[in-house]
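Notes follow once the structure below has been shown.
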Amino acid sequence: VSFWLDVHDRLRHACAGLDLAADNYGRQRITAAQLAVIAPPRLRGLIASVYSHHKIEDIQYFPAFRRQEPRLALGFDRLEREHAELALEVDATVKALGELRAAAERPAGSSAASASAIAARRYVAASHNLCEHLRRHLTAEEALVVPILLDYVEH
C-alpha cells in the first residue's frame, strides 16, 4: 500500500511542479519564454511516470483486482476510461507546450510577444486541466484500490 501511495504522491508532486511554473507565469515572475524552457522536463517526467504507472495497472494490477473483487468491475472500468481520458489530456498538454515553444522561438516583436502570451495561457490551461483530472483520478483510484490491498495484506 505504501508503495502505491508513494507513486501517487510522486505524481502529485510532479503536478505541483507544473502548477508552480504556471503560477509563476501567471504572477509575471517568469516570461512565456522562460515557461517554455522550464515546463518541458517537468511535463516529460510527469508523462513518463503516469504512463508507466497506468500501464502496469491496466496490464497487471486491475485484471488481478477484478478477479479478486468482481463486484468492483464497474469501478475498474471507470478507472480504465479515465486512463484513456488522461492520455488525451496529456496529448493536448504536449500540443499546447509545443505551440508555446514554437511561439517563444519567434523573433522578438509585438506579434511574437502576443503569440507567446496566448500560447502560454493555452499551455497553462491544458496543464491545469491535466493535473486536476489526474488528482481526481488518483483519489478515486486510492478509494477503490487501497482497501483491496489492505485486505490482501491482512489475509
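The values are calculated or read from the model by the stated rules, or taken from the named source; none is laboratory data. On a predicted model such as this, the values are computed, not experimentally measured, just so you know. Here the Cβ is made from the backbone with ideal geometry for all residues, glycine too, and neighbour counts use every protein chain on show. Only protein heavy atoms, including side chains, enter the accessible area calculation; ligands, DNA and RNA are left aside. Shrake-Rupley method; radii C 1.70, N 1.55, O 1.52, S 1.80 Å.
A few comments on the model shown:
- Taking the longest Cα principal axis of the chain as reference, the axis of helix 73-104 is set at about 10 degrees.
- Kirkwood hydrodynamic radius computed over the stretch 14-83 comes to 14.3 Å, based on all pairs of distinct alpha carbons.
- Radius ratio Rg over Rh of the stretch 7-139, counting only Cα atoms, Kirkwood formula for Rh: 1.09
- Dipole magnitude for the stretch 5-82: computed about the Cα centre from +1 point charges on Lys and Arg Cβ and -1 point charges on Asp and Glu Cβ, it is near 120 debye.
- Per residue accessible area in Å² of the chain, where ligands, DNA and RNA are left out and the probe is 1.4 Å: 56 Å²
- Degrees separating the helix 32-56 axis from the principal Cα axis of the chain, which is the longest one: 20 degrees
- When GLU141, GLU69 are compared by accessible area of protein heavy atoms, the largest-first order is GLU69, GLU141, using a 1.4 Å probe.
- Accessible carbon and sulfur surface of the chain relative to its total accessible area, %, 1.4 Å: 58 percent
- Selection among CYS131, PHE62, ALA117 by position relative to the dipole of the chain gives ALA117 as farthest towards the positive end (Cβ unit charges, Cα centre).
- Estimated FRET transfer efficiency when R0 is 22 angstrom, pair VAL37-ALA16 (beta carbons, to 0.05): 0.75
- Angle between the chain longest axis and helix 2-26 axis [Cα atoms, degrees, rounded to 10]: 20 degrees
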